[in-house]
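All remarks here apply to the structure that follows.
The values are calculated or read from the model by the stated rules, or taken from the named source; none is laboratory data. Worth saying up front: this structure is predicted, and the values here are computed from it rather than measured. So basically every Cβ, Gly included, is an ideal-geometry build from the backbone, and we count neighbours across all protein chains shown. Quick note on the areas: whole protein, heavy atoms, side chains included, nothing else; ligands and nucleic acids left out. Shrake-Rupley method; radii C 1.70, N 1.55, O 1.52, S 1.80 Å.
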Amino acid sequence: MRSRSGPISGSYVKALTDLFYPQRCVGCGGRASDLLCAGCHGVLPVIEPPVCRRCGLPTAFDTPVCEDCKGRDLSFDSARAPLRYEGVGEEIVRALKYRAYLTVAPRLAAPLMVGSVRDEAGFDTVVPVPLHRSRLAKRGFNQAAVLAQEVAASLGAKCAEALRAVRATRDQVELTASERRDNVRDAFRVEGPVRGRVLLVDDVLTTGATLSECAGALKEAGAGEVHCLSLCRAC
Ligand SMILES: [Zn+2]
Ligand SMILES: [Zn+2]
C-alpha cells in the first residue's frame, strides 16, 4: 500500500475543487462558486448613465435624442440595456442562446435587466421578440421568451407571446443597417389585442431595426407605449 503522505494527486485536487466550485464561470470558463467568477463580475461591461433617453446609447451628456437615433423612424418609445454587447456581456448571451444555459436568465440576466427599467412606471404586458418557427425548431427555445418570462416575474407583470414571426429572416448580424430594415419589414404579426404599456424584450439590440418593427406591429394592434429592454446593446 502506498503511503498516505505521498503527493496529492491532481485528480484529488480537482475533485475537491469541483466540490467547492461546482460550476464553470459563464464569462471565462474557469471554476467558480457562482455563475460569474469575481474577476468576470468585476469587468461586466455595465452601461452607466448618461444614456440617450430614446435608444439607450451611452452619451457624454443627458439627451432626449442622440446623434445615432436623430432622424431615425423608430417605433418604440425607449430602449434600455444593462450591458454592452462585448466581453463578459457577449459571453452571457452566448451561454444562454447557443449553449442553452437557461439558469443564466433568472440568476444573472433578468436581475440586471430589471435594474435598467426600475424607474419606469408599471408595464401591463411583457412581450418577447419572437423566433420564426424554422429557427425555433433548430434551437429548441426562444432565448428572448426565456428572458421575458423572468423579467415579467420580477416586475409582477404578465408575459404574453403576442408576436409571431410570419416569415423567416436572415441573421441580422451579417447585414448592413439598411439591409436590416428591409430584412425585418412586415416580418411580425400580433395575435390578440394588446393594450397599455408594453415592455418588449430581446437578448441583444444591434441597430434597433427588429425592435422597431415589432414595436410598430404592437402599436398597430393597440399598444399605447412600447418600451424595449434587452440584456445587451451594441455601442
Ligand atoms: Zn470568469
Ligand atoms: Zn439615441
On the basis of being touching a Pro at 6+ places or on another chain (Cβ under 7 Å), assigned to a loop (DSSP other than H, G, I, E, B) and charged (D, E, K, R), does Glu161 make the cut?
yes
For segment 91-102, state whether one or more residues are within 16 Å of ligand 1 (Cβ to nearest atom) and modelled with pLDDT under 95.
yes
Applying the selection to segment 65-81, what residues are touching a residue at least 24 places away in the same chain (Cβ under 8 Å) and open to solvent by less than 20 Å² (accessible area, probe 1.4 Å)?
Cys69, Leu74, Phe76, Ser78, Ala79, Ala81
Does segment 20-63 hold any residues that are within 13 Å of ligand 2 (Cβ to nearest atom), touching a residue at least 12 places away in the same chain (Cβ under 8 Å) and not acidic (Asp, Glu), and which are they?
Ile47, Pro50, Val51, Cys52, Arg53, Arg54, Cys55, Gly56, Leu57, Pro58, Thr63
Please go through segment 72-87 and give me each residue that is among the basic types (Lys, Arg) and out of contact with any Ser or Thr (no Cβ under 6 Å at 6 or more places or on another chain), ordered by number.
Arg72, Arg84
Just checking, does segment 51-59 include any residue being within 15 Å of ligand 1 (Cβ to nearest atom), of a type outside the set (D, E, K, R) and out of contact with any Ser or Thr (no Cβ under 7 Å at 6 or more places or on another chain)?
no
If you go through Arg167, Arg84, Arg99, the only one that is under 29 Å from Val43 (Cα atoms) and surrounded by fewer than 15 Cβ atoms within 10 Å (Cβ to Cβ) is Arg99
In segment 214-232, anything open to solvent by 10 Å² or more (accessible area, probe 1.4 Å) and within 24 Å of Pro58 (Cβ to Cβ) is listed as Glu225, His227
